[in-house]
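S.K.: Just passing along the structure, written as structure tokens.
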Ligand code: BDR
Ligand code: CA
């Protein structure tokens, strides 16, 4: 499967990138970066560093948007991902190369055109680059095989605000464009990602691997873990972005409903993803009329997904004994 990952690394993004490089099913054609967990320069640097660590000089990185479509960047979240986007656990090496000259939007268009009908975009940050790519090339939605998005909350509360999930909240206008285009979209939101977590003991084991990826996790994961312990009472970490990757690798582990989805751009609910569930008096109210149905993940076999991700992560970091997993 030919894949470009659009990403704002970001600690769980880093895990998803490690997982992608340990997944033989995936032909990773590039990373495109976007503001989000950190500013665009930091995200781009981190993407390059991560590919150095997994020794993938063949995978290009294209720098993307610094700001949302219609508003200024809300700023980084150092309490979750660190000032450096990778947990502030000490200096990471400098990247050995530069991003390509094309922007992320150009890279997405060119890659899709080079592989018509074959490219999957795995979008695990704000959806700005995808919306910009659609502006550059309005037929892009006919060239891409599918788009899998980590983001949104259909039937559960948000995490950035009571209403909204962080990636959607970061650029609701872009998300509304992406969910309204004609490409097949699957939304892997908090409805499922809040059920997929790695236990503390497994986090410890991954961090103790005496390898470069293991040392990266030892620097990155403590901050994320203590944030989640403090705010969510979790002994372990959520696997938001890796769960979207798992949806590519093992789709049968997910239950998917099909609804048109609008993204709120106003007021206190800015960034809320609203599916039209079909249970109103008017089956499809005006704002949802003419919008394509997208796949919305509503349930997940969490222990199966955690088992898969833990196996792959253990391979990626060179840690023995994957353990039994668990949701
Ligand atoms: C999403 O927001 C970011 O903080 C994470 O990297 C993930 O993509 C979770 O809401
Ligand atoms: Ca992310």
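FYI, it's all coordinate maths here, none of it is from the lab. A quick note: this is a predicted structure, and the numbers were derived from the prediction, not measured. As a convention, Cβ positions derive from the backbone with ideal geometry for all residues, glycine included, and neighbour counts pool all protein chains shown.
S.K.: In nm, what is the difference between 0.36 nm times the number of residues separating residue 201 and residue 265 and their Cα-Cα distance?
M.R.: My answer for the length gained is 19.0 nm.
S.K.: Order of 207, 187, 1 from fewest to most other C-beta atoms within 10 Å?
M.R.: Listing 207, 187, 1 from fewest to most nearby Cβ atoms yields 1, 207, 187.
S.K.: So what is the relative contact order for the chain, in percent, with contacts set as C-alpha pairs under 8 Å and at least six apart?
M.R.: 19 percent
S.K.: While we're looking at this one, here's another question. If you fit an axis through the alpha-carbon atoms of helix 40-53 and take the longest principal axis of the Cα set of the chain, what angle between them do you get, 0 to 90°, nearest 10?
M.R.: Approximately 50 degrees, to the nearest ten.
S.K.: Would you calculate the separation in nanometres between label points at residue 110 and residue 56, each defined as 7 Å from the Cα along the Cα-to-beta-carbon direction?
M.R.: Taking the two extended label points, one gets 1.9 nm.
S.K.: Restricting to Cα pairs below 8 Å that are 6+ residues apart, what does the relative contact order work out to for region 240-321? Please round to a whole percent.
M.R.: This gives 36 percent for region 240-321.
S.K.: Hey, another quick one. Which angle from 0 to 90°, rounded to the nearest 10, does the C-alpha axis of helix 240-249 make with the longest principal axis of the chain?
M.R.: 80 degrees
S.K.: Give the shape of region 36-104 as rounded, prolate or oblate, defined through the alpha-carbon gyration tensor: a ≥ b ≥ c are the square roots of its eigenvalues, a/c under 1.5 means rounded, and otherwise the shape is prolate if a/b is larger than b/c and oblate if not.
M.R.: Oblate, because a/c is 1.5 or more while a/b does not exceed b/c.
S.K.: Shifting gears a bit: Which semi-axes, in whole Å and largest first, does the equivalent ellipsoid of region 227-327 have when worked out from the alpha carbon gyration tensor as the square roots of 5 times its eigenvalues?
M.R.: Semi-axes (√(5λ), whole Å): 34, 17, 11.
S.K.: How much length is gained if the chain between residue 142 and residue 229 is pulled fully straight, taking 0.36 nm per residue apart and subtracting their Cα-Cα distance, in nm to one decimal?
M.R.: That works out to 27.0 nm of additional length.
S.K.: Using 0.36 nm per residue, how much length does the chain from residue 311 to residue 74 gain when fully extended, once their Cα-Cα distance is taken away?
M.R.: Fully extending the segment from residue 311 to residue 74 adds 81.8 nm.
S.K.: Which shape class applies to region 15-150: rounded if a/c is under 1.5, otherwise prolate when a/b exceeds b/c and oblate if not, where a ≥ b ≥ c are the square roots of the Cα gyration tensor eigenvalues?
M.R.: oblate
S.K.: Take the Cα pairs of the chain, get the Kirkwood Rh, then feed it into Stokes-Einstein at 37 °C and 0.692 mPa s and tell me D in µm²/s.
M.R.: 169 µm²/s
S.K.: Another question, if that's okay. Determine the relative contact order of region 115-204: mean sequence separation of Cα pairs under 8 Å and six or more apart, normalised by residue count, in whole percent.
M.R.: The value is 33 percent.
S.K.: Rounded, prolate or oblate for region 1-79? Axes are the square roots of the Cα gyration tensor eigenvalues, ordered a ≥ b ≥ c, and the cut-off for rounded is a/c under 1.5.
M.R.: Taking the square roots of the gyration eigenvalues as a ≥ b ≥ c, region 1-79 is prolate.
S.K.: Calculate, in whole percent, how much of the Cα-Cα pair population of region 137-180 lies beyond 12 Å.
M.R.: 66 percent
S.K.: Write down Rg/Rh for region 140-272, rounded to two decimals, with Rg from the C-alpha atoms and Rh from the Kirkwood relation over Cα pairs.
M.R.: Taking Rh as the inverse mean 1/r over Cα pairs, Rg/Rh reads 1.02.
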